[in-house]
Amino acid sequence: MIKKILIANRGEIAHRIIKACRELNIISAAIYSEADKTALHVRRADEAFLIGPPPASDSYLNKEKIIKLAKEIGADAIHPGYGFLSENSEFIKMVEDSGLIFIGPSSTSAMMMGEKTSARRLMKENNVPIVPGTTEPIYTVNEGKKIAEEIGYPVMLKAAAGGGGKGMRKISSGDEFESSFSQARNESLKAFGSNEVYLEKFIENPKHIEVQIFADKYGNYVHLFERECSVQRRHQKVIEEAPSISVDDSTRNKITRAAVKAAKACNYFNAGTIEFLMDNDKNFYFLEMNTRLQVEHPVTEMITGLDIVKLQIKIASGEKLSIRQEDIKIHGHAVECRIYAEDVDNNFAPSTGKITHHRLTSGPGIRIDRGIDVMSEVPIYYDPMLAKVIAWGIDREEALARMKRALSEYQIGGVITNIPAFNWMLKQKSFLDGSFDINFLDKEFLPLLPGKWKDSSSEEYEEIAAVLGAILKEGELQTTISQNKVGHCNLWKGQNYE
Amino acid sequence: MSEYVVSINQRKYSIQLLGNNEIIVNSKKINVHVSKVSDYSFLFHLGNKVFEITTNKIDQNRFGLLIDGWYYDTIVRTTLQETVNELQQIKSKTKHHSDVKAPMPGLLLKLIKQIGDEVKLGEPILLLEAMKMENELRSPSSGRIKNIFYKEGQSVEKDSIILTIE
C-alpha cells in the first residue's frame with residue numbers, strides 16, 4: 001500500500017499528481033527549489049520540502065538528495081512526472097535499490113528504451129518499423145559525415161539519451177555538419193548528462209502520431225489509442241489531439257498493435273508512450289518510447305474516461321490492470337493547447353516575471369492543468385510551459401469550438417503568453433482538414449512573424465487597446481498630480497472615465 | 001482635453017480624450033465608457049458592445065493589454081513625448097553602429113566572435129542559453145565588433161546590449 005508519495009517535479013505536472021494523490025487518500029510531498037518557494041505545486045501539496053538552489057542540477061535533478069529525503073520523510077514511492085529524472089534509468093535503479101517504489105517502469109525497461117540507439121536495435125529485432133539510420137552512437141564529425149552521405153541528406157542528429165527536442169538538429173548538407181554536431185552534443189550533455197548522438201534519415205513532411213500504452217507487473221498490456229502531436233515548434237509540441245484525424249481504423253489497428261509489441265519487447269510496465277512518424281501513405285516508423293507520463297496525457301484521459309495518473313499509482317503499488325482492451329472505447333474528441341510564457345512576435349523569447357492576474361477559463365468540456373496562480377513567479381531556470389488548456393467535444397468540430405472559446409476567456413497577466421497564436425493556428429485550412437504535418441508551424445506560421453498572422457478581428461481590438469492605453473496613461477498622470485497635491489480629491493482614480 | 005499618441009505593432013493611433021465619454025481616435029469620434037474591475041481588469045463599453053480587458057502596467061508609458069485572447073503591447077506618449085521620441089529615433093538612425101541586444105533573458109554560453117573581428121550580416125556571433133535551449137544570435141549588420149560587455153558564463157537580462165558592431 002502506498003501512503004505517501006514524494007513528487008520529484010514542479011509545475012503543472014506536480015500539481016496534477018497531487019490531485020491524483022488526494023483522490024486516492026495518499027499524502028503528497030512536494031519538493032521545491034529556492035526559485036519555487038511559492039510555486040503552485042508547493043501551495044497545493046500536503047507537505048513541501050526545500051531541495052536546493054534554483055538550477056535544476058542542484059535541485060530537481062539531485063538524485064541522492066531526493067532519495068535520501070524520500071526515506072527521511074517516510075514516503076513509500078517517488079513519482080517523477082515528466083522531464084527531469086523521469087527517464088533516468090540510473091535514478092530509477094537507485095530508487096529500486098533504496099527499497100522505495102518508482103512510479104513508472106523498471107530501470108531495465110527504461111534503460112532499454114532510454115538509450116535511443118539500443119532501442120532502435122531492439123525494435124528492429126521485434127519487427128517494429130524504425131526510421132533508417134544508425135543503431136550505434138556517432139563519436140566523430142568524419143564518421144558522422146560519412147554515414148550521412150550514405151543514407152543521404154537531409155538527416156537528423158539526435159541525442160541518444162534524449163527526448164523533448166533537446167540535443168536535436170536537422171542537417172541539410174555536409175557544411176552544416178560540424179557546428180550542428182557540436183551544438184547537439186553540448187545540448188545533450190547539459191540536458192541528459194551524455195553527449196552521445198546518433199543519425200536518422202530525415203522523413204519528409206511526416207505526422208507525429210503516438211500511442212499510449214499501459215501494462216501491469218503481471219504481463220497484461222492495453223493501449224489507450226493514439227494521439228496526434230504534429231503541431232510542433234523546435235520539436236516541442238504545441239497542440240495535441242486524440243484521436244488523430246489522419247488515422248483510419250485500419251491504421252489504428254496496425255499502429256496500436258505495433259505499440260503493444262514495442263512495450264512487450266522491453267518487458268514494460270506502467271504508463272508509456274510509443275512515438276511514431278507517419279508518412280503520407282500512412283506508413284509509420286518507430287521514433288522512440290517515452291517511458292513516463294506524457295505532457296499530453298489529458299487528451300487520452302478525456303476520450304477514454306480513464307485517469308492515467310491514478311492508474312500509474314495503482315499499478316506501481318502492485319495492482320493488476322482492472323481494464324480490458326475491449327472495454328476501452330474512444331468517446332468524442334479532445335484537444336490540448338500548451339500555454340507557454342513566450343513572446344511569439346519577438347522570436348518566441350521566453351517571458352519571465354510574476355503572474356499578476358490569473359483567471360481560469362472553464363465551462364462545458366474544458367479542463368485546465370496548470371502550474372501557475374496569482375503571484376507565481378515564472379523563473380528562467382525551467383521550462384516556460386505555464387498551463388495546458390484541454391477541450392473535449394462530441395466531435396473534433398465541437399472540441400475546437402470549445403477550445404477557441406476557452407482560450408479567449410483565459411486571462412493571464414504579468415507575462416506574455418502564446419495564447420494569441422492559437423487564434424491563428426486553430427483556423428488554418430490545413431489544420432482543420434487534417435493535412436498538416438510536423439512542419440505546419442515552420443512553413444505556414446513562422447513566415448508571418450512578426451505580426452502578419454493577425455487578422456481583422458485583431459484590428460478591431462487593436463483600436464480598443466489604443467483607447468484604453470491612452471485612458472490608463474491619463475490615469476497614471478492624474479495619480480502623479482494627486483500625489484503631489486495634498487488633499488486633492490481625484491474622482492477618476494480607480495473609478496470611471498467619464 | 002488631453003491628447004496621446006499610442007503605438008501598437010508599429011502602428012500609431014492619435015487619441016484625444018474629450019471628457020464626457022467622448023474620444024476621438026484618428027479623427028473618428030466614439031463614445032466609450034470604462035470601468036475598473038480590479039487593478040488588472042477593466043470593462044470597456046463601446047456603444048452596446050462590451051469587452052473585458054486584462055491590463056498589465058509595464059512602465060509609466062507602456063501597458064500590456066489582453067482582449068478576447070489577443071495581446072497588445074501599447075506604448076502611450078503625450079504629443080510632446082512623441083515629438084521628443086521621434087527626434088531621438090532620427091538621431092540614432094544616423095549613427096553608424098548597431099547594438100546586439102539579448103532577445104530573451106539567458107546565459108551567455110559562447111562568444112563566437114571577439115573584439116576586433118569582422119562580421120557579416122547574418123553570421124552567427126554568439127550562443128545564448130535560455131530555458132535549456134541553445135539559441136544562436138546572428139549579426140544584425142556587417143562590420144567590426146567594437147565592444148563586448150559580457151563574458152562567457154554571465155547571465156544577461158532581456159534587452160541588455162551584449163556587444164556593438166561598427
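Going by a ≥ b ≥ c, the root eigenvalues of the Cα gyration tensor, does the stretch A:207-448 fall in the rounded group (a/c under 1.5), the prolate group (a/b larger than b/c) or the oblate group?
prolate
Given the pairs A:Lys3/A:Lys71; A:Lys190/B:Lys158; A:Lys158/A:Lys217; A:Lys63/A:Lys388; A:Lys93/A:Lys201, which span a C-alpha to C-alpha distance of over 24 angstrom in this model?
Correct reply: A:Lys158/A:Lys217; A:Lys63/A:Lys388; A:Lys93/A:Lys201.
Give me the distance in nm between label points sitting 7 Å out from Cα along the Cα-to-Cβ direction at A:Ile323 and A:Ser457, one decimal.
3.4 nm
Given chain A, what percent of its DSSP beta bridges are antiparallel, to the nearest 5?
80 percent
Taking only protein heavy atoms into account and a 1.4 Å probe, give the accessible area per residue of chain A in Å².
38 Å²
Pull up all non-local amide H partners of A:Ile101: gap of 5 or more, or a different chain, and H-to-H distance under 5 Å with H placed in the peptide plane.
HN-HN under 5 Å from A:Ile101: A:Ala77, A:Ile78.
I need the helices of chain A that pass two filters: whole DSSP H segments spanning 27 Å or more by Cα along the axis, and mean Kyte-Doolittle score no lower than -0.5.
Span-like helices in chain A: A:456-484.
For the stretch A:232-248, take each phi angle, set θ = phi - 60°, evaluate the Karplus expression 6.51 cos²θ - 1.76 cosθ + 1.60, and give the result in whole Hz per residue in order, putting x for glycine and proline.
3J(HN,Hα) across the stretch A:232-248, in whole Hz: 9, 9, 6, 6, 9, 5, 10, 10, 10, 9, 9, x, 8, 5, 9, 9, 8.
How many Cβ atoms of partner chains, on average, are near each residue of A:355-368 if near means within 10 Å of its Cβ?
Mean shielding count: 2.
Expressed as a rounded percentage, what relative contact order does chain B have, with Cα pairs under 8 Å and six or more residues apart?
16 percent.
What order, most packed first, do the peptides A:318-328, B:13-23, A:304-314 have when packing is the mean number of other Cβ atoms within 10 Å of each residue?
A:304-314, B:13-23, A:318-328
Too long at a 18 Å Cα-Cα cut-off: which of A:Lys454/B:Lys29; A:Lys454/B:Lys101; B:Lys29/B:Lys49; A:Lys170/A:Lys282; A:Lys254/A:Lys314?
A:Lys454/B:Lys29; A:Lys454/B:Lys101; A:Lys170/A:Lys282; A:Lys254/A:Lys314
Taking beta carbons within 10 Å but only from partner chains, what does the mean come to for residues A:380-390?
Per residue, the average neighbour count from other chains is 2.
Can you find, among B:Asn61, B:Asn20, B:Tyr40, the residue sitting farthest towards the positive end of the charge dipole of chain B, where Lys and Arg contribute +1 and Asp and Glu -1 at Cβ?
B:Asn20
Using protein chains only and a probe of 1.4 angstrom, how many square angstrom of B:Leu46 are accessible, to the nearest 10?
50 Å²
So what's Rg/Rh here for chain B, counting alpha carbon atoms and using the Kirkwood radius for Rh?
Using Cα coordinates only, the ratio equals 1.10.
Is the protein assembly as shown best put as rounded, prolate or oblate by its Cα gyration tensor, with a ≥ b ≥ c the root eigenvalues, rounded for a/c under 1.5, and otherwise prolate when a/b is larger than b/c, oblate when not?
prolate
Taking each residue in A:333-344, count the Cβ atoms of any other chain within 10 Å of its Cβ, then average. What number comes out?
Partner-chain Cβ atoms within 10 Å, mean over residues of A:333-344: 1.
Give the A-B buried accessible area in Å², both sides summed, 1.4 Å probe, nearest 100.
For A against B, buried area totals roughly 5800 Å².
The values are calculated or read from the model by the stated rules, or taken from the named source; none is laboratory data. Since the structure is predicted, the reported quantities are computational estimates derived from the model, not experimental observations. A quick note on method: Cβ atoms are made from the backbone with ideal geometry, for glycine too, and the neighbour counts reach across all protein chains shown. Quick note on the areas: whole protein, heavy atoms, side chains included, nothing else; ligands and nucleic acids left out. Shrake-Rupley method; radii C 1.70, N 1.55, O 1.52, S 1.80 Å.
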